[in-house]
Amino acid sequence: MRLRSLHWIAIVVVTLGSASVMLVAQPGAFGGGYGPPLKVVPPARAFTTSDEHYASLLAQAKGGTKHTIASVPRWDGLWVTAGNTHMDIFIDPPGFAGTVRPNVLTPPYEAAYRERWRQQQEQGEVQYDRLTHCEPVGYPRWLLEPYSHEFVNLPRESYLINDYGPGIRRVYIGQEHKNVYGTHSWFGDTIGFWDRERLVTHTKFLLPADFTRWSPMTSNQFESVETWELKHYPGGVDRLEVQVTFYDRHAFVRPVSAVYAFRRGKELEAAGHRVQHWECETSNNDVADKGGTTSRLPGEAGFKDGRGTTLFPDLPGQSRDPIYNTTLPGGKE
C-alpha cells in the first residue's frame, strides 16, 4: 500500500512527538519500547471457549468489585499506543524478516496469511488494505491502531475510544451478552466486570476483520477475553496494559494470547491536541487499483474533496476556515 493518505500524517506526528521517551521498537509495534518489555500473561489454564474463560475469571473475582462513581478507576487524559506482542503469535523472529509460525492458524487461514506475509517480505508492504473501502478498523485491529485514545470509566459502563473512525467500544459492566438484532458488528458486544482495579472484558458477535494489514484475518467466530490494568513503573512511566486471549474456531488451531499497551499522551496534551472527527465515507481517496491500494492526491483525477459545498454561497463566513482560506466551492469569506 502506498502510504500517501493523510491519515498517515497522524502516525508521524505521534511518533515524532514521543521520540524522546521511546526506545527503538520492533517494526509494527506502534509505539513499542515505552517502559519495560511487555510480557504476555496467559490464562492460568487452557480454556476451550471464551465463555469458559470469562466465567472462570468472574467466579475468581467473586462476581466482581462493585465500584461507585467515587471509587471506579480513572484513566483520564489522552493515551497513545505503547506496543504489543501480537506478531510474536504468528511470526518467528526477527520481526518483518521472520517466517510464519506453522500450526498456529488453521490450514485455510494459514494459507491466506502466508500470501499476505509474502507480499510484506517481497514488496515491503501488503498490496491491499480493507480500509480502502472506508471500513472501520474493527476489532481486534482497534487494539493497536495509533492516534489518540480516551478511556472513560463509569460504574455501569466503560467507554474505550480510538479517535480513528472514530472507534468506540462500550463495555457493559455487570451485564450479560445481548444481541437483539441477531447479527454481528465491527466492535461486537462487550461485557465486563471490575476485579478491584482491573477491568475484565468479554467480546463476542464480531464481523470478520483482521489484526492489521500485515497480520492474519479473523472470522465471524472471533471472540476475546481482556484484562485491563494501569501499571506504574520507575521514572514516572504509566502504562495501561491489556492482557488478551483470542478465540476463533475457524482461524486458530488453539486460543492465542498477547499483550497490548497504551501510554499517556503527555506531549499531545501539552501541544493542546483535540480529538478530531475523521470524515471517511464522502472524502476517502484510498482506492483499490489492480489488486492493490493506492491514494488519490489533490489535483489527480478522481480526487474527492471532503470539504463539500454550501447551499448558501452568498452568506458571510462560508469558507471552511478563515486562516487557510480553504473556501467551499462557490462560498465566500
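A few points about this structure:
- Globularity ratio of the stretch 187-226, using Cα Rg and 2.2 N^0.38 Å: 1.36
- Gained length - Asp76 relative to Ala59, 0.36 nm times residue gap less alpha-carbon distance: 3.2 nm
- Zone of Arg118's modelled label, taken as backbone nitrogen in the stretch 65-105 under 16 Å from a point 7 Å along Cα→Cβ: 99-101
- Exceeding the 27 Å Cα-Cα cut-off - candidates Lys66/Lys266; Lys204/Lys290; Lys62/Lys204; Lys66/Lys178; Lys178/Lys231; Lys66/Lys204: Lys66/Lys266; Lys204/Lys290; Lys178/Lys231
- Scanning residues 5 or more positions from Asp289 or on other chains, those with amide H under 5 Å from its amide H are Thr294, with H placed 1.01 Å from N in the peptide plane.
- Computed on the stretch 94-185, the Cα convex hull volume stands at 178 Å³ per residue.
- Total charge dipole magnitude, the stretch 27-112, about the Cα centre, Cβ charges on Lys, Arg, Asp, Glu only, Debye to nearest 20: 360 debye
- Note on the stretch 129-247: with charges restricted to the Cβ of Lys and Arg (+1) and Asp and Glu (-1), its dipole about the Cα centre is near 120 debye.
- Ordering Ile161, Ile69 by accessible surface, largest first, gives Ile69, Ile161; the 1.4 Å probe counts only protein heavy atoms, with every chain in place.
- Relative counts (whole %) of C-alpha pair distances in the stretch 127-286, using bins that are 5 Å wide: 2, 8, 16, 20, 21, 17, 11, 5, 2, 0
- Calculated FRET efficiency, Asp92 to Asp51, Cβ-Cβ distance, R0 = 35 Å: about 0.65 to the nearest 0.05.
- Among the trypsin sites (Lys or Arg not before Pro) in the stretch 223-291, those placed in a DSSP loop whose Cβ has at most 11 other Cβ atoms within 10 Å are Arg274, Lys290.
- For the stretch 32-148, a Kirkwood hydrodynamic radius built from all Cα pairs, placed in the Stokes-Einstein relation at 4 °C and 1.567 mPa s, yields a translational diffusion coefficient of 71 µm²/s.
- Accessible area per residue, Å², the stretch 129-277 with all protein chains present, probe 1.4 Å: 39 Å²
- The stretch 134-224 - convex hull of alpha carbons, volume per residue in Å³: 107 Å³
The values are calculated or read from the model by the stated rules, or taken from the named source; none is laboratory data. Note that the structure is predicted; figures quoted are calculated from it, not measured. Positions of Cβ are backbone-derived with ideal geometry, glycine not excepted, and every protein chain shown enters the neighbour counts. In case anyone asks, the SASA skips ligands and DNA or RNA and just uses the protein heavy atoms, side chains included. Shrake-Rupley method; radii C 1.70, N 1.55, O 1.52, S 1.80 Å.
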